[in-house]
Structures are given as C-alpha cells and as structure tokens.
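J.: Can you keep this structure in mind? I'll have questions shortly.
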Amino acid sequence: MKKKFLFSNYIAILISSICLVSCSKETSEVIDYNGKFKNVSGGSLINAMAGEPSNLIAMIAGDSASSAIAGNIFNSLLKYDENLNYAPDLAESWAISNNQKTISFKLKKGLQWADGKPLTSADVLFTWKLITNPNTRTPYASDYQLVKKASTPDPLTFKVTYENSYAPALDTWTSLHILPKHILKDEDINNTFFSRKPTGSSFYKLDEWISGQQVTLKANDKSVLGVPLIKKLISRIIPDTSSQFLELTADNIDVMNINPIQYQRVFPARKDLQQKIALYKELGNGYTYLGFNLKKPPFNDIRVRQALNYAIDKNEVIKGVLLGLGEPISSPYKPGTRWINPNLSPYPYKPSKALALLEEAGFKKNNDGILMKNGKPLKFEIITNQNKQREMTAVVIQKRLQEIGVEVSIRVIEWASFVNRFIKTGDFDVVVLGWSLSLDPDQYNIWHSSQQGPGQFNFLGYSNKNVDKLLELGRKELNVSKREKIYHKFSKYLLEDSPIIYLYAGYGLSAVHKRVKGIKNPAPPAGIYHNNYDWFVPEPLRRNEISAR
Amino acid sequence: MLIGISLVSFFIMHLAPGDVTSSEASFNPKASEESRQKLRELYNLDKPVIIQYGLWVKRIAQLDFGNSFASHQKPVLWERTDKSGNVTKGLIQESLPITLMINLLGICIIFSISIFLGTLSAVRQNTWVDRSITLFVFIGFAIPGFWLALLLMYWTGVSNQWLPISGLHSLGYQNLSTFHQFIDLLKHLVLPVSISSLSGLAGISLYVRNGMLDILHQDFITTARSKGLKESKIVFIHALKNAVLPLITIVGLSIPGLIGGSVIAESIFAIPGMGKLFYDSVLMRDFPVIMGILTIGSFLTLIGNLLADIGYAWADPRVRKGLVK
Amino acid sequence: MSVFLKNPLALSGLIIILIILILALVAPIIAPYDPNFIDINSILFPPSMNHLMGTDGLGRDVFSRMLYGAQISLLVGFVAVGIATLIGIVLGSLAGFYRGWIDSLIMRFVDIMLSIPTFFLILAVIAFLTPSIWNIMIVIGLTSWMGVTRLVRAEFFSLRQREYVLAAETMGSNHFSIIIKHLLPNSLTPIIVSSVLGIASAVLVESGLSFLGLGVQAPTASWGNILTDGKEYIQFAWWLSLFPGLAILITVLGYNLLGEGLRDILDPKNKN
C-alpha cells in the first residue's frame, strides 16, 4: 500500500510537469526570411563552441576557444581587411624606415578602453614588455623578442626597431592583443583575475561567463572601431557536433561550422532547413598533407616520395572526403594569395609513372602484386590524430596505394600521445596532418634545416641548402614583389623534393540562420566573419529571449 | 587504501606520453619550445615521478588540491578569492553539484520504478506481465545510450519542440521567476536523467524481483497467508520490507558512482559535469585535476561502504535489537 | 535440456545469439561487397537493391560492414570476457581457498579497482596506449574481472566446508587438484552467468569507446564506429544509425536474456 501510494504520487508529478511543459510551448509561425531589411542595431547572435575558453588573455592561452572570444574583446595595432591587406586597427598609419629596421606606428586619436580610460602608446609598450618578459608564460614571445628597442616618443606613437630587417613583422603586430596598462601594471599576468574578467577596447566586452555553459559578450559603446549592430554575442559550449547540429535545426543557435556532408547532402535534401538557414563557403586557412619521415628509408629516396605522389589521386581525395569542397594545391599557401606560385601544378594521378619511379628505386612487384626490394615489401604505417577528415583521407590513400602494391596500415592516435610518443621522438613512417597558416609567407620554422630539434617544427627532417637560403632571405626582404619571387622559388623546390604530398586546402563551411543579415556572399578572401560587426538581426526576425530554449 | 589508489593512479597517469604542454597549440609554428619547457619546470613536470608524487602528497595532506594546469590556474577543488575580492571557482566545486543532482535524481527514479516493477514482476511471476517487464528493462539496458540520446533529442527537440535539446538553462534564464527557473531546469534534465537511469533499471528491477520471489516462498509468508492476512498487505508490508533491505547495501555501494558522470551523456547534452571534467583532464594530462577526482572518488567509496554497513545494520531489526542488548 | 527449452528467456536469448554468431561466421561468404571497398560515386546512398543497408561516408556498403562488424563485436566480447574470467577465476580461487591474508590482500586489490569508476579506467588506459582492437579487448578484460573474483570466492567459501572437500584434503590431495577437480566445477554456475552478461557489457563498452573516438580504428568496421560515423547526419542518413543501433541492441539483449535465463534455470531456488 505504502509503496503504491508513493508511486502514484510520482506519476502525478510527472504528468503535471508534462502539462506545464506543453503549456509553455510556443506556437510556430511562418516567417519570411528573404525580405529586404534595413540594418538596425539590437538583437543577439548565438553560436556554439566545442570547447571552453581557458583564459581571455590571448598571449597566455593556447586554445582556439580562448582566442576566438578574446578576438572580439581586444584590438591589435593592425588587422587584415577583407582582401587580406593590412588595415588599421588601433594604428591609423605606419611607416617603415629606410634601413627597413624600424617601424613607426601612429595611433588613432581619442582611443578609449571599455572603462573609459584613454588608450595610448604606453599601453602598447606595456604589452610588448609583457610578452617579452621571461616570466610571462607565453609560447608566442619569439617574434616580439626580435625587437631590439621599443619606444613611445609621444602618446600616439609607438616605435620598434629590429636587429635585422624582419619581413613578417607587420603580421606579428596583427595578432598581439593590446592590454590595458592601468589595470594590469601591478598584476601578476600569469594569475590575474583579468583573464576571466577582461577589459578590452574592441567591439564587445564580457557580460557574463557561466563556467562550462556559455560566454556572453555585449556591445562596447566605447569601442575604438565603432559600435557593432548586434548587441549580444552568446557562445554556448556544446562539445558534441551532432548536438550542435540539432540545436541549429531547432533554431537555438544561429551560427555553426559544418562539414562537407552537411553542406552538400543534408541541407539540399531538406527544404524546411533551407528556408531558414543559409550556407556559406570560404577558403580555409590551411592545408592537409601527407608527410614523410625523411630520415627513415625508403622515404629518404626522392624517387619513392615522388612515386607515391603520382600514385595518389588528389581529386579523388577531395571528392571523397570533402565532397568536392576543397582545392588541390602545389604551394604551401592559402589559395588565391600572391605567394602561390602560379606556374606550379600538383602531381597528376599517374600510377604507371609511380611504378616506373619505384622500379628505378629498386622496387619490383612479386607474384602477389606486392612491391618488394631486397626481399622486403614496401610497407608502412600512416598515423594521424583524431580528426574525421584526416582519418577518411588516410583510408582513401590506403586504397590507392594498395592498388599499386604498397601495403599501408592506419593508426589514429589521441593528440597528446601523437605529439609526444611519435612526432617528437621521430618514431613514425608517414603522417596525415595539416598546417594552419598565418598570412605571412615565412615558413622558416617548418622547413629550415636548423629547426629539427625536439619540439621544433621541422619534424620531418627536411634539409635543403637552397631552401635554407631562400627562407633566410625571405625573412629579411620587405619589398613585396621581391619577396614574392623568393617564395615562388621556395615553393618550386618544395614541390620537386616532395617531402610532403599536398592533399588539399579545404573550404571553411558555415551555416548561418537567415535572421542574421549583412553577411557578404560570396565570401571575400578574409572569410565571412571578418565583418561580423556589420551583421545585424532585423527586429521582426529576432528570437524571443525568455521562451527560447 | 587511499594511499594505494593514489599511488597506482599517479603512476598510471605518468606512464602516458605527454603532459599538459602538449595541447593543440603546441603544434603552432609560432609557439616556441622554450616556453613549453619553462611551463614544465613551473609545474614540476621535469622532476622524477617519485618526487612529483611526494610533492602532491604533501599538499593533499594540507587539503590543498592545487590548481589545474590546463585551465590556467583554476583551483581544482574549491574557490579562491584574490586580494581584490575576485572569486575564482574551483573546477570540482562547479561540476560536482551538477553531476550529483543528475545522479541523485537518477537514483530516486531508478529505485522507485524498479521497486514497483520488480514487485509487480514477482507477484505475477511467469505471466505476460512478468515477461514484458523483464523484456522492457532488458531493452533499456541493451540500448546504446548515445544512440537513444540522439534519437530522443531529435524527436523531442527538433521534430516536436517539447523539450530543450542540450545545456542546463535556457536563454534569459535569469529573467524567470524561481519557480519557472526550477521548471526550466527540470525540462533540461528530463532527457539526460532518463537516459542515464535506463541501464540501471534492469539490474535493480531484477534484483527486487528475485529478492521478492525468495521471500514470498518463505515460511513466514505462508504462515501470514494462512492467518488470513490480505494479500496486498502481505506483499507490500511484510515481503517488501525484507526485500528492500539488501537494496540499502546497493545504495551504499552506489555512492562512489554518484560523482562519476557519464562522459558520453555529458558531451551530448552539453552538461559540464564530472564525467566531462575527468575525460578532458585525461586528454590534456591535467594531473592535479585527475588526482583530485580520483582521491575524492576513493574517499567516497570508503564512506559509501561504511554508510551501507551502518544502514543495513540499522534497517535490519535483528541487528538493531542485538546491538541494543 | 527440456528445462532449458521451457524457459522463454533463455531460449529467445540463445536463438538471437546463434543467429548473430552464424551471420558473423559466414560474413565472408554472404557479404555482397568488400567492407573496405571505397566508391566515391556512391557516398551516403539510402538502402536500395544494390545496397541493402545503404552506403556510408566513403561509399562503402553498410550491410557488408555490418556483417564484418558482427565479427568484431563478438571477438571483442569473447576475448575481453575470456581475459576477465581467467583473472577472476585465478584470484577468486586463491582468495576463497586460502583465505587469511591472501584473501585480504586480494580483496583489498579488488576494492581499489572497484573504487575507480570502470569506464574512467578504460578511458584513461586507452588514451595512453594507442587504440587497437587488441588493446581494447585487453583493457576491458583487465577492468572487469572484479565481479567474477567475488563470485568465485563466495562459492569457494560455501563449498569449502563440504564433506567431499574435507575428505579430499585428509586423503592428501594437493591444493591445486582440489581446486581444479572439486571446487571449480561446482562453482561454474555463477561464472557462466557472469561471463554471458559480461559479453553483453563488453559490446556496449566498445560502442561507447567508438563514440569517443577510442574504439576500433579505421578502416576496420565495428558497429560502434558505423554508428558514430553517422551521428552527425542522423536526420539525413538514418540508415547509418538505425542498423548498427538495432544490431547492438539485439545482440546485447540476446546475451542478457540468455544470461538471466541461465541464472533462472541453474538457480535451485527457482524450482516452483
């Protein structure tokens, strides 16, 4: 009796809760998202992040979630405009001295921090001192340590002098977030609460950070570049991408990065989704490659590397893994930029040529069709980290190589083990990885023969004296057309030596709810997000905050 | 025993290649190795494992669980207030209540439903009622959780907008009255709690069923029946009381599980609980957090066992009377 | 045997398991395609006459992958449980037979292992070792022997005092033969039930690990990783979720029914 009674109580509570739930259900109306709307301010934009930011001081934080949020809060001296040219951010102009070793930045007038205090060159100097201070726990100091002398002749001028002319310099000043001296001067930058409650100068300031759940930014009315139209940016932390997609289709988030299958197959099949969500495609910022361990035979033989390059059908990889949403490349740069050597083209798919080269290298097919040399088969392992696209790429490559008689096995490894147990120790055959590139063409850290130490980035073991010289020259040459020539030559050597096989430069794919207007389509070289301060949500299309789920 | 667990866990963790400096950023060509080396020295990661363990024990003895490596000095256990009065909450302090809430709700639901189903099954043994209940709970155990979660999220959240899809609170949560905040929270919890309780139902229902079957065949029940007592009274008062006793042991044994969130459910439902915390800290080699969670876990195990023993002794009148004498 | 057939639980469980076992064994014969055959012109096709269960993200036939996946699921189940049972029998026998300090030591160890949540342990170890099907099986085995140990120990405790055991001891049989000849055979019941149930659990754990990316690795097909591959297009490519999900459900259900059915049959209390 007792238990049954209690149970029926539970049932009653359950039923009444369900009633309450359905009572607060919204009625759905048909909204036309395609009308013309005037840009007005107000509304909110909700996006999803897979990870939580750890620290909003970008120089200390290492994760992408932190830099994404911090990028909305802080400014640098310079930024990139939609065509990837340098544009003013805090600095309205800059001049390079004749000896090419000094840059003078002139700040805009009347700059303010979000708390109303003036932003001057003293803040810039303070930030530079901070990042070059050996006690600051930042991994990004090396570029700024090349500055021999930094000074502030007046509150609107910041001058830096380099030991030697350093071409990537301007690029480095687009990514240093300037921090407020008046708030941080007595703080221990490594432990300060500022990392969770920052004061910046850019379009948004931190409104609320609910740990583990969401970060809310609101418009900064003192913003140095003008007030953004959308008043609130809410980033929800949703670790699983399938959950993110469900939230997008239920109208609970507005922006999401999607994968090729969602872009190419799921959306076209759903008219209802197409009515309220728009898709965008832009050039990505990196490329995916197959890298050889150049210190391990047979990969030290250029014929083997080139042969494998001919044996892989890059178009098949792009079609199969990216559903065509990517481009083949033959220079290690973002497609469309001037650094790409227009005279180079990727190795075509020619298995006969591959076999010919392998034969030259001493590999002959045995009775089972496996390539052998000195009684040993041509066999190796591809390792990659936990990334669906890289995994699929490895599978496609495995199949093609099997066709010409190469035995390939695949291993997917969790990141920390991947880096420490295999990459750093040089204990690997072949990797499928990607580089996410900065916009400056300098690739010294990756390809120079001096960068092969443990923890450094020439982990493939590449060494070419001509390339070394070019890389050193390229760092010092500030003249753009001369630099172009240097890096075109560099790309040519890289393609011939084939230490890596360029697989593809994938597109960045986004799905944005149609209530968000002001997005440039087709996307400019800098991508659709570069002008997110110009986006707006017209009043009739805004979501009703309290009853939104 | 605490020492044993902590020692074992510490060594297992350090067997793993890599440490907190191996994050995604470590492969950024702009990041230098020297800075990573400095970080390693700061966290004592370059010292021999024994020494690191010793340092950790010394701190734990003062109840200082340390700060997380990966989330930039967030305290592992409890909040810390700096000189300007800014409070940084501890990692476990933030995730534990959420996980506890879900687990406690889950336990309540599991036990109440299981007792009901198990009893029903036992009373109607071998009828279709019994068989279908058994089938139902078995299916509940056999369904892969994340599959069901995604299906239900789609059905209840996208096709029909009955329930929220993920997260713990709706937007504009602060603007709601306390009562509506409570209802909002419940709505968000329906799916995660149901899915994580589903697998527990099978075990406990069967246990209750078998326990009840045992008791219902015992002599004192036959005596009660022959005395003419009502069947429902027999079942629900006499039999059930005895069958429920071993459940107390089970509750006690489930206490350590209370702090373990399911990392899969928490990922899918975007709930920042202990499961996700542990998983992330393992992947990021965040040793202070890992050790903190395992220490608390083993501590709770000891307490759980103790409570189970006490609870059983108290509930069983034979033991109680014996003690009093 | 007739008792067995009369128990619907055990019977239905057995039938399910036999069907899956047969399918797994004849996979190479009946699979219409090579499970690793990539066809980029047939990416994500719904079920049709050509592809009974549709194709996946690389154009591979899902039906063939499901058949080979059955092999993997069963293999993982059997080997993992085999390891766990072996360890459990050894430790449980030692603890139950010798008692005293050996028992205390072993039970301490069991307690320590039990207080670390199992899935966490598996997760931590797999994240460190690189996931491969053997590592997964070994790790699941190494983390689920505690239950068997306790069961064997409990059986040994109660059997220890039986006359035939005491008789064997007085006659001077050595400990090893007593354990093997007298105690173990009579403790089989709980071991069998626990093993069957353990297989069910191992299959579920593998699918959970696949969700986290730590399960059986590409390109090998397992039900868990087919399911995980399709989770982002669950509204669109429903066949990638439905078939593996159902397969896991039915298999685990089968083992559970069989296990519980066996428990019912072999448990003397349930003869009514």
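Quick note: the coordinates plus some simple rules give every number you see, no bench work behind them. Model, not experiment: these values are computed from the prediction. Counting neighbours? That spans all protein chains shown, and the Cβs are built from the backbone with ideal geometry, glycine included.
J.: Work out the length of the dipole vector of chain C about its Cα centre, built from +1 on the beta-carbon of each Lys and Arg and -1 on the beta-carbon of each Asp and Glu, and round it to the nearest 20 debye.
T.: Roughly 780 debye for chain C.
J.: Sticking with this one: For the modelled label position 7 Å from the Cα of C:T189 along Cα-to-Cβ, which residues of region C:151-171 have backbone nitrogen atoms closer than 19 Å?
T.: Backbone N within reach: C:151-165.
J.: Under the rule a/c < 1.5 gives rounded, and otherwise a/b versus b/c splits prolate from oblate, where does region A:113-155 land using the Cα gyration tensor?
T.: Oblate.
J.: Another question, if that's okay. Calculate the spin-label point distance for C:W238 paired with A:K38, positioning each point 7 Å from the Cα along the beta-carbon direction, and give it in nanometres.
T.: 4.7 nm
J.: A further question follows. From the cross-link list A:K424/A:K465; A:K106/A:K181; A:K149/A:K482; A:K231/B:K74, which pairs have alpha carbons spaced over 25 Å apart?
T.: With Cα atoms farther than 25 Å apart: A:K149/A:K482; A:K231/B:K74.
J.: Residues of A:136-143, mean number of Cβ from any other protein chain within 10 Å of their own Cβ, rounded to a whole number?
T.: Average per residue, whole number: 6.
J.: Then there is this: Please identify every one of the trypsin sites (Lys or Arg not before Pro) in region C:126-224 that sits in a loop by DSSP and has no more than 13 other beta carbons within 10 Å of its own beta carbon.
T.: Listed in order of number, the matching sites are C:R162.
J.: Another question, then. Between B:V87 and B:I310, take the C-beta separation as r, use R0 = 41 Å, and let me know the FRET efficiency to the nearest 0.05.
T.: The formula returns an efficiency of 0.65 here.
J.: Could you grab the relative contact order for region A:93-251? Cα pairs under 8 Å, six or more apart, rounded to a whole percent.
T.: Across region A:93-251, relative contact order equals 20 percent.
J.: Let me spell out the model: positive unit charges on the Cβ of Lys and Arg, negative unit charges on the Cβ of Asp and Glu, origin at the Cα centre of region B:98-257. What dipole size does that give, in debye rounded to 20?
T.: That gives a dipole near 400 debye.
J.: Next up: What is the mean number of Cβ atoms from other protein chains located within 10 Å of the Cβ atom of each residue in peptide A:501-513, rounded to a whole number?
T.: 0
J.: Sticking with this one: Take every Cα pair under 8 Å in region A:307-466 that's 6+ residues apart, average their separations, divide by the length, and report that relative contact order as a whole percent.
T.: 19 percent
J.: Moving on. So what is the relative contact order for region B:64-113, in percent, with contacts set as C-alpha pairs under 8 Å and at least six apart?
T.: Relative CO of region B:64-113 lands at 23 percent.
J.: Right, another one. Which pairs break 31 Å Cα to Cα here: A:K350/A:K520; A:K79/A:K218; A:K108/A:K517?
T.: In this structure, A:K350/A:K520 lie more than 31 Å apart at Cα.
J.: Oh, and also: Set the Förster distance to 60 Å, then compute FRET efficiency between B:L176 and A:D154 from the Cβ-Cβ distance, nearest 0.05.
T.: The formula returns an efficiency of 0.70 here.
J.: Dipole of the protein assembly as shown (Lys/Arg Cβ +1, Asp/Glu Cβ -1, origin at the Cα centre): which of B:L168, A:F459, A:F363 lies farthest to the positive side?
T.: Farthest towards the positive end: B:L168.
J.: Identify the trypsin sites (Lys or Arg not before Pro) of region B:95-199 meeting these criteria: DSSP loop state and at most 16 other C-beta atoms within 10 Å of the C-beta.
T.: Loop-located and lightly packed - B:R124.
J.: Based on the Cβ-Cβ distance of A:E359 and C:D34, what FRET efficiency does E = 1/(1 + (r/R0)^6) give at R0 = 35 Å, to the nearest 0.05?
T.: FRET efficiency, A:E359 to C:D34: 0.80.
J.: For A:W128, C:W239, C:W134, which order do you get if you count the other beta carbons within 10 Å of each Cβ and list the fewest first?
T.: Going from least to most buried by this count: C:W134, A:W128, C:W239.
J.: Which of the chymotrypsin sites (Phe, Trp or Tyr not before Pro) found in region B:126-216 are in a DSSP loop and have at most 14 neighbouring Cβ atoms, other than their own, within 10 Å?
T.: The qualifying sites: there are none.
J.: Give me the percent of Cα-Cα pairs in the protein assembly as shown that sit more than 63 Å apart, rounded to a whole number.
T.: Everything past 63 Å amounts to 13 percent.
J.: For A:S175, A:S165, A:S121, which order do you get if you count the other beta carbons within 10 Å of each Cβ and list the fewest first?
T.: The order, fewest Cβ neighbours first, is A:S165, A:S175, A:S121.
J.: Let me ask something additional. Count, for each residue of C:202-212, the Cβ atoms from other chains sitting within 10 Å of its Cβ, then give me the mean as a whole number.
T.: 4
J.: Select from C:I265, C:L212, C:L21 the residue farthest towards the positive end of the dipole of chain C; place +1 on Cβ of Lys and Arg, -1 on Cβ of Asp and Glu, and compute about the Cα centre.
T.: Value: C:I265.
J.: Now for a different question. Binning at 5 Å from 0, report for chain C what percent of all alpha-carbon pair distances ends up in each bin.
T.: 1, 6, 11, 14, 14, 14, 12, 10, 7, 5, 3, 2, 1, 0, 0, 0
J.: Above 29 Å lies some portion of the pair distances; for chain A, what is it as a whole percent of all C-alpha pairs?
T.: Value for chain A (Cα pairs over 29 Å): 61 percent.
J.: What distance in nm separates the simple spin-label points at B:T223 and A:I96, each placed 7 Å from Cα in the Cβ direction?
T.: 10.1 nm
J.: Where nothing but the Cβ of Lys and Arg (+1) and of Asp and Glu (-1) is charged, how large is the charge dipole of region A:425-549 around its Cα centre, in debye to the nearest 20?
T.: Charge dipole of region A:425-549: 640 debye, to the nearest 20.
J.: Considering the dipole of the protein assembly as shown built from charges on the beta carbon (Lys and Arg +1, Asp and Glu -1) around the Cα centre, which of A:N385, A:A354, C:F109 is farthest to its positive end?
T.: C:F109
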